[in-house]
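Structure first, commentary second.
Derivation of every value follows stated rules applied to the coordinates shown; laboratory data play no part. Note that the structure is a prediction, hence the values are computed from the model and not measured. Positions of Cβ are generated from backbone atoms using ideal geometry, with glycine treated the same way; all protein chains shown enter the neighbour counts.
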Amino acid sequence: MIVQNWWYTTLLGIRDPLQPPLTDHLRTDVLVVGAGMSGLTAAWRLALAGRKVVLLDRNICGGSSTGRSAGFLTPDSELELSQILRRYGPERARDLWDAPVRGIALIVDAVKQYGITCDLLLQDSLFVGSDARGWEDANAEVEARKTLGYPQTLYPRERLPDVIGTSEYYGGIRYPGTYGINPLLYAQGLKRALLDLGVRIHESTEARAWDDHTVRTHLGSVTADQIIFCIDKPDRSLTPLERNVFHAQTFLAISEPLGSADLARMFPSGARLQCWDSDLVYTYYRLTGDDRLLVGGGSALTTFALHAINTPGVMTRVLNGFHKRFPFLERLRFIQYWPGLIDTTRDLLPTIVRDPGAPWVQWVLGCVGLPWAAFCGDFVARQASGTAAADAERYYRYFEAARPFLVPTWLEPFIGKPLVFALNNAWAKYVQVDRGRKIPHRSDSL
Ligand SMILES: Cc1cc2nc3c(=O)[nH]c(=O)nc-3n(C[C@H](O)[C@H](O)[C@H](O)COP(=O)(O)OP(=O)(O)OC[C@H]3O[C@@H](n4cnc5c(N)ncnc54)[C@H](O)[C@@H]3O)c2cc1C
């Protein structure tokens, strides 16, 4: 097993050339910095709204978290529906579940509209209970979905082997409307569509500084009426909002293609489900269109590690656990693995703000999940176009930087950023109840 991102391997032979670095001084309506799922979606929606758009990325389009991800397109991000429901109550939980659902619709729409070849697969989600406690978690999801009237199928322990080839789980809940995708091919395909729409794109171009309406790069600059930063791992020199973001580390591995016998054992009903379990650091897996198994996971120690860890040890342990549940796949070889850092906020909802000193500048930070990132990109694009008034009222309140958290950032020098984020994440997932919170009614959030 070598350290290599399989999605990069699949870029071999695509027709989109690397867009050259910026060497000019440009003037535009809107500059989008960062071409992950959020920035690409923002640029796309702005181009459709008739804006002249420039898009910069320090890597390639999709080259960071987006193009490292497992490509599960499900509204279930790190916050489960039952957790959102506990925290916000039914009406607001619906708002918050609706956001990634809209994100998924945008991604699927782009694939269809531009004929993007990116292995988009309709794959129902299956959330499985690893043990008795996990089965309780799954049941909490069942109740939450019932409360909000979302469709689902419940598989008690004895029925679960009808759909997944193991009797090791305690039961599962399945729901529709979710997809698998090759996220890097998607990003590069959307890049091609954006070029066709007239968006000027420069890859390998880092925004190093900004002042007033101008962003400076190594060899050029862009002056824009509006600037949208959709970046990850933000540097303090660009924004003090950097304090609001940390990362969670996870790992992925890809196998050789499965044979037809193993496929039939793995998914006995023929439905190729995308699955994750109820463990705190959960294991997740799905099939790609060419019948490879993509397995992801991590460890409690490395999830909030300060620096990226590239050794195979964590992935090997995840795969050992996977093989215990599916011993008939023991001989299946996993050929590549890769680590990735997901940017998160302290409560796992994104932070979207207008810069307090420069309201023509918007920041999108800490989107957890591709659907959330797509939603946020569209949201800020509509803010920039002035067409999101109703949504602004509805959503900004969740995303403001100064929302309440359990552990404040000023404790960081004493207990460290990883612990501040781990405690806040746990609080947001398992304890926090915001129902009585006063809601600020304003369209800028700082
Ligand atoms: C291993 C792994 C597995 C995952 N699996 C899933 C999954 O199955 N499903 C799911 O929904 N989510 C998954 N995620 C999470 C998901 O990938 C992210 O939440 C999502 O991609 C965030 O998108 P984004 O656009 O906000 O950020 P990013 O994709 O990180 O995009 C930010 C972009 O900004 C650029 N940038 C940063 N700074 C600068 C600068 N100064 N100048 C110019 N450009 C800059 C970066 O190069 C990058 O391209 C996974 C993540 C990882 C790492």
ASP131-ASN310 pseudo-label distance in nm [points 7 Å out on the Cα-to-Cβ vector]: 3.5 nm
Estimated 222 nm signal from helices in the chain, with DSSP H stretches of n ≥ 4 weighted -39500 (n - 2.57), rounded to 500: -10500 deg cm²/dmol
Equivalent ellipsoid dimensions for the chain as semi-axes, Å, which come from the Cα gyration tensor, largest first: 34, 26, 20
Full-stretch length increase - ASP290, THR147 - with 0.36 nm per residue and alpha-carbon distance subtracted: 47.7 nm
Radius 10 Å from Cβ of PRO234, net charge of other residues (Lys, Arg +1; Asp, Glu -1): -1
log₁₀ of I(q)/I(0) at q = 0.11 Å⁻¹ - region 291-381, Debye sum with one point per alpha carbon: -0.50
Per-residue Cβ neighbour rank within 10 angstrom, fewest leading, LYS429, LYS324: LYS324, LYS429
Whole-angstrom gap from region 186-216 to region 29-61, using each part's C-alpha centre: 6 Å
Cβ-based net charge around GLU203, under 9 Å, with every Lys or Arg adding one and every Asp or Glu removing one: +1
Order of THR351, THR10 under a 10 Å beta carbon neighbour criterion, fewest first: THR10, THR351
Environment charge of ALA35, counting only residues whose C-beta is closer than 10 Å and scoring Lys/Arg +1, Asp/Glu -1: 0
Set of aspartates and glutamates with alpha-carbon distance to LYS52 below 18 Å, sequence-local pairs under 8 removed: ASP24, ASP29, ASP196, GLU203, ASP225, ASP378
Tilt relative to the chain, helix 313-325 - C-alpha long axis, 0 to 90 degrees, to 10: 40 degrees
Distance (nanometres) between label positions extended 7 Å along Cα→Cβ at LYS324 and LYS112: 4.3 nm
Convex hull volume of region 3-137 per residue (C-alpha atoms, cubic angstrom): 172 Å³
Estimated FRET transfer efficiency (ARG243, LEU197; beta-carbon r; R0 30 Å; 0.05): 0.25
Share, in percent, of DSSP beta bridges within the chain that are antiparallel, nearest 5: 65 percent
